[in-house]
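> Got a structure for you, written out below as structure tokens; questions coming shortly.
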Amino acid sequence: MCGIVGYIGKREAYPIILEGLKRLEYRGYDSAGIALYDGENLKLSKTKGKVADLENKITKEISLNGSVGIGHTRWATHGVPNDVNSHPHYSNSGDLVIIHNGIIENYASIKEELIKRGYSFSSDTDTEVLINLIEDVKKNEKVKLGKAVQIALNQVVGAYAIAVFDKNKPDEIVVAKLGSPLAIGVGDNEFFIASDATPFLEYTKKAIYLEDEEMAIVRLKKGIKIRKIKDDSLVAPYIQELQLNLEQIVKGGYDHFMLKEIHEQPEAIKDTYRGRLNVKEGLIRMAGIDDNLEHILNANRIIVIACGTSWHAGLVAEYIFEDLARIPVEVEYASEFRYRNPIITEKDVVIAISQSGETADTLAAIKLAKSKGAFVFGVCNVVGSSIARETHAGAYTHAGPEIGVASTKAFTTQITVLTLIALKLAKEKGTISKSDFQLHLQELQLIPDKVKKALLQDEHIKTVAKIYKDAKNCLYLGRGFNFPVALEGALKLKEISYIHAEGYPAAEMKHGPIALIDEQMPVFVIATKRGHYEKVVSNVQEIKSRKGKIIGIVTEGDKDVKNLADHVIEVPETLESLTPLLTTIPLQLLSYHIAVMLEKNVDQPRNLAKSVTVE
Ligand code: M6R
């Protein structure tokens, strides 16, 4: 995790870096720091806390002029979040300075060796070890900064996106990447370095995304030279034209990114199926599937790998794929899959789901599946991300940037993509009738308007949130397609309000969790019509007889649950397989309002980061 930003060019670096750090703060917000070079002096200011804390402190510590600089916003891995452990880090001589996103796994042995050679360390970080290793190589081997970085990186084990500056060579910044993302914005004799392209959107739309094991020397007047870290071979820079807009990454009048992103879902879902869903012609077109159709149709099974909310989308997909396309599906936590010696063959198709496309465990699981000969299909939101590049084929969700740490529109758009794939395969396999297929297409097209309608319940949901905001524990229950929605609802509440919440299949309640139910326990039950409605009504009865507080997520016009529940929140009716796209909405809003009422930091919940690039 962590966000890195750098600038070298003709403008003042400070405002670019500061604003860039604000945009990357979703990646970590334990501490922040900036180093600037003004032509004579290398100056540095850093602090525990957020970028806003740095902004308050920096003017008291250093002058802000200089047209070269690097900045960092941190999600702590090695060492507690304090001022000293914050980045950037100087080398012992004070000549070199570094920012780093990732983990150097063998830092302890390198540190020991450097201490023997007279180096001292003020922080507990692996990064301070790396910059001193670079300095040591530079001195002993008498090489330039770029070469020293390359030699040092060939000695380290771990993951990194780094930017290194040497005050004796002020016309260049050296960057390198392995496992963590790094983009270079290319302007007119000015260059921007960042973990993603958002910090430089208003300056240039031209970007180079470094590949793993590549490094670049970004030099004024001479441009960019990219090399392979291992064998020193030159790589031709591939410059991409960015499609992102500035408006997509601001709050646009909403109090929080999360609320904005919840309300963006009707449009985001439409963007996901636009150009793919053709109701008139009864067609679904998806290049990634069309080009690999035989392979996917002949698969023995589909294995879904993902983490967090994306894993929940994978669980929904399991129900949809098995129900519509009759293909066996297994859904795995990427972090478990990669370490448990799974049985994978060439006949398996792996679907990797990830909003960021950078999640370290998912990436490692993909590499493992590929090494065993499986065909790997990615469902990502971030265009050009590591997972999008590592997979054999894929489909983007087109949700637009998701900045709130709690995933919302990523979830519903992932389900939309996966539903399109399931329907397409079902049609090809003949496991769905023509009329049922057409009905699904029609209903899917209506989902954005139905999500809009579900969002209109916001004021009512706020009232419910007020009643339950002080709960210490909550249960979320759902069956079938809506069991994963129960898990997702519980995750949303946990991560932004810090209230303990558990999601369960409704019928599992009687195998244990029912013991928790008393008058203090709010139970959110997804009880939409169709599917197992009567069974869920029975579960609701069981909760009522134990005096639990029942909040039902029901289909418009519902009577049975309404009669039993303390509160109901209605969503429009749709096909059973599509209900997760609607039942999710009130649960997202509920968590949001509770977190706001509890005065929690909704967009940047404690201990979390948006992009989990460490194991
Ligand atoms: O970027 P990814 O979808 O791979 O991220 C996976 C999880 O880290 C992510 O979904 C996380 O659980 C969110 N904070 C949930 O809101």
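The values are calculated or read from the model by the stated rules, or taken from the named source; none is laboratory data. Note that this is a predicted model, so its numbers are computed, not measured. No Cβ is skipped: glycine too gets one built from the backbone with ideal geometry, and neighbour counts run over all protein chains shown.
> Taking the range 87-114, which residues are closer than 20 Å to Ala194 by Cα, at pLDDT below 95 and either of a type outside the set (A, V, I, L, M) or in contact with a Leu (Cβ under 6 Å, 6 or more places away or on another chain) (or both)?
Residues of the range 87-114 that are closer than 20 Å to Ala194 by Cα, as a first pass: 87-90, 96-104.
Adding the requirement that they be at pLDDT below 95 leaves 101-104.
Scanning the range 87-114 gives Asn101, Gly102, Ile104.
> From the list Glu25, Glu61, Glu55, exactly one residue is touching a strand residue (DSSP E or B) at 6+ places or on another chain (Cβ under 6 Å) and closer than 26 Å to Ala197 by Cβ. Which is it? Before the answer, list the steps.
Details: Glu61 fails: closer than 26 Å to Ala197 by Cβ; Glu55 fails: touching a strand residue (DSSP E or B) at 6+ places or on another chain (Cβ under 6 Å).
The unique qualifying residue is Glu25.
> Please specify each residue of the range 541-561 satisfying the condition of being acidic (Asp, Glu) and either more than 21 Å from Ala490 (Cα to Cα) or not assigned by TED's automatic domain parsing to the domain that holds His460 (or both).
Scanning the range 541-561 gives Glu556, Asp558, Asp560.
> Give the range 407-438 a look and list any residue that's out of contact with any Lys or Arg (no Cβ under 6 Å at 6 or more places or on another chain) and part of a loop (DSSP other than H, G, I, E, B), or say none.
Ser407, Thr408, Gly430, Ile432, Ser433, listed by residue number.
> Every residue in the range 487-523 that is part of a helix (DSSP H, G or I) and more than 32 Å from the chain's Cα centre (by Cα), please.
Looking only at the range 487-523, we keep the residues that are part of a helix (DSSP H, G or I), and these are 487-497, 506-511, 513-516.
Listed by number, the residues that qualify are Lys510, His511, Ile514, Ala515, Leu516.
> Could you go through the range 22-33 and let me know if any residue there is surrounded by 22 or more Cβ atoms within 10 Å (Cβ to Cβ) and within 17 Å of Glu202 (Cα to Cα).
Yes, the conditions are met somewhere in the range 22-33.
> Right, another one. Could you say whether any residue in the range 388-403 is crowded, with 20+ Cβ neighbours inside 10 Å, touching a residue at least 12 places away in the same chain (Cβ under 8 Å) and in contact with a Pro (Cβ under 9 Å, 6 or more places away or on another chain)?
Checking the range 388-403: not a single residue is crowded, with 20+ Cβ neighbours inside 10 Å, touching a residue at least 12 places away in the same chain (Cβ under 8 Å) and in contact with a Pro (Cβ under 9 Å, 6 or more places away or on another chain).
> Please go through the range 20-57 and give me each residue that is under 17 Å from Gly6 (Cβ atoms) and either without any contact (Cβ under 8 Å) to a residue 40 or more places away in the chain or among the polar types (S, T, N, Q) (or both), ordered by number.
Within the range 20-57, Lys22, Leu36, Asp38, Lys43, Ser45, Val51, Leu54 meet the criteria.
> Now a separate question. Do we find a residue being near the ligand (Cβ under 9 Å from one of its atoms), touching a helix residue (DSSP H, G or I) at 6+ places or on another chain (Cβ under 9 Å) and assigned to a strand (DSSP E or B) anywhere in the range 383-390?
Kept after step one, since they are near the ligand (Cβ under 9 Å from one of its atoms), are these residues of the range 383-390: 385, 387.
With touching a helix residue (DSSP H, G or I) at 6+ places or on another chain (Cβ under 9 Å) added as a condition, the list becomes 387.
Of the ones still in play, those that are also assigned to a strand (DSSP E or B) are none.
Checking the range 383-390: not a single residue is near the ligand (Cβ under 9 Å from one of its atoms), touching a helix residue (DSSP H, G or I) at 6+ places or on another chain (Cβ under 9 Å) and assigned to a strand (DSSP E or B).
> Please give the number of the condition Ala388 fails out of (1) touching a Leu at 6+ places or on another chain (Cβ under 7 Å); (2) farther than 27 Å from Phe483 by Cβ.
Condition (1) is where Ala388 drops out.
> Anything in the range 333-361 that is farther than 24 Å from Asn298 by Cα and part of a helix (DSSP H, G or I)? List them, or say none.
Ser335, Glu336, Ala360, Asp361
> Same structure, new question: Given the criteria outside any helix (DSSP H, G or I), within 14 Å of the chain's Cα centre (by Cα) and either under 28 Å from Lys600 (Cα atoms) or away from the ligand (no atom under 15 Å from the Cβ) (or both), does Gly400 qualify? Working first, answer last.
Details: outside any helix (DSSP H, G or I): yes; within 14 Å of the chain's Cα centre (by Cα): yes; either under 28 Å from Lys600 (Cα atoms) or away from the ligand (no atom under 15 Å from the Cβ) (or both): yes.
In short, yes.
> In this structure, is Ile327 more than 14 Å from the ligand (Cβ to nearest atom) and outside any helix (DSSP H, G or I)? Quick ask: steps written out before the conclusion?
Numbers: more than 14 Å from the ligand (Cβ to nearest atom): yes; outside any helix (DSSP H, G or I): yes.
Against the criterion (more than 14 Å from the ligand (Cβ to nearest atom) and outside any helix (DSSP H, G or I)), Ile327 qualifies.
> Separate question: Condition check: touching a residue at least 40 places away in the same chain (Cβ under 8 Å) and either within 16 Å of the ligand (Cβ to nearest atom) or over 24 Å from the mean Cα position of the chain (by Cα) (or both). Does Ile526 satisfy that? Outline the logic, then answer.
Numbers: touching a residue at least 40 places away in the same chain (Cβ under 8 Å): yes; either within 16 Å of the ligand (Cβ to nearest atom) or over 24 Å from the mean Cα position of the chain (by Cα) (or both): yes.
It is true that Ile526 is touching a residue at least 40 places away in the same chain (Cβ under 8 Å) and either within 16 Å of the ligand (Cβ to nearest atom) or over 24 Å from the mean Cα position of the chain (by Cα) (or both).
> Regarding Tyr90, is this residue without any contact (Cβ under 8 Å) to a residue 60 or more places away in the chain, under 21 Å from Val612 (Cα atoms) and among the aromatic types (Phe, Trp, Tyr)?
Working: without any contact (Cβ under 8 Å) to a residue 60 or more places away in the chain: yes; under 21 Å from Val612 (Cα atoms): no; among the aromatic types (Phe, Trp, Tyr): yes.
No, not satisfied.
> Continuing with this model, one more query. Applying the selection to the range 1-19, what residues are free of Cβ contacts under 8 Å to residues at least 40 places away in the same chain and of a type in the set (Phe, Trp, Tyr)? Even if it seems obvious, please write down each step before you answer.
Here is the first cut: in the range 1-19, the ones free of Cβ contacts under 8 Å to residues at least 40 places away in the same chain are 15.
Result: no residue meets the conditions.
> Which residue pairs have Cβ atoms under 6 Å apart, sit 6 or more places apart or on different chains, and have a first residue in the range 147-159 that is in contact (Cβ under 8 Å) with a residue 60 or more places away in the chain and a second that is buried (at least 21 other Cβ atoms within 10 Å of the Cβ) and part of a helix (DSSP H, G or I)?
Hits for this filter: Val149/Ile134.
> Taking the range 562-615, which residues are within 16 Å of the ligand (Cβ to nearest atom) and not in a loop (DSSP other than H, G, I, E, B)? Talk me through it step by step, then tell me what you get.
Let us first name the residues in the range 562-615 that are within 16 Å of the ligand (Cβ to nearest atom), namely 580, 584-585, 587-592, 594-595, 600-615.
Once the filter is applied, which keeps residues that are within 16 Å of the ligand (Cβ to nearest atom) and not in a loop (DSSP other than H, G, I, E, B), the range 562-615 yields Pro580, Thr584, Ile585, Leu587, Gln588, Leu589, Leu590, Ser591, Tyr592, Ile594, Ala595.
> Does Asp603 satisfy the condition of being more than 22 Å from the chain's Cα centre (by Cα) and either modelled with pLDDT under 95 or not hydrophobic (A, V, I, L, M, F, W, C) (or both)?
No, not satisfied.
> Of the conditions (1) modelled with pLDDT of 95 or more; (2) more than 17 Å from Ala388 (Cα to Cα); (3) among the polar types (S, T, N, Q), Ser310 fails just one. Which one is it?
(2)
Okay, residues lined up against (1) touching a residue at least 40 places away in the same chain (Cβ under 8 Å); (2) assigned by TED's automatic domain parsing to the domain that holds Glu332; (3) within 14 Å of the ligand (Cβ to nearest atom); (4) outside any loop (DSSP other than H, G, I, E, B):
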{"position": "Ile262", "(1), (2), (3), (4)": "yes, yes, yes, yes"}
{"position": "Pro266", "(1), (2), (3), (4)": "yes, yes, no, yes"}
{"position": "Thr272", "(1), (2), (3), (4)": "yes, yes, no, yes"}
{"position": "Glu281", "(1), (2), (3), (4)": "no, yes, no, no"}
{"position": "Ile289", "(1), (2), (3), (4)": "yes, yes, no, yes"}
{"position": "Ile296", "(1), (2), (3), (4)": "yes, yes, no, yes"}
{"position": "Ile303", "(1), (2), (3), (4)": "yes, yes, no, yes"}
{"position": "Ser310", "(1), (2), (3), (4)": "yes, yes, yes, yes"}
{"position": "Leu315", "(1), (2), (3), (4)": "yes, yes, yes, yes"}
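> For the range 215-243, name all the residues that are assigned to a loop (DSSP other than H, G, I, E, B), surrounded by fewer than 17 Cβ atoms within 10 Å (Cβ to Cβ) and either outside the structural domain of Ala159 (by TED's automatic domain parsing) or at negative phi (or both). So that I can check it myself, show each step before the final result.
So the first thing to find is which residues in the range 215-243 are assigned to a loop (DSSP other than H, G, I, E, B), and the list is 220-222, 229-233, 236-239, 242-243.
Adding the requirement that they be surrounded by fewer than 17 Cβ atoms within 10 Å (Cβ to Cβ) leaves 221-222, 230-233, 236-239, 243.
Those that are assigned to a loop (DSSP other than H, G, I, E, B), surrounded by fewer than 17 Cβ atoms within 10 Å (Cβ to Cβ) and either outside the structural domain of Ala159 (by TED's automatic domain parsing) or at negative phi (or both): Lys222, Lys230, Asp231, Ser233, Ala236, Pro237, Tyr238, Ile239, Gln243.
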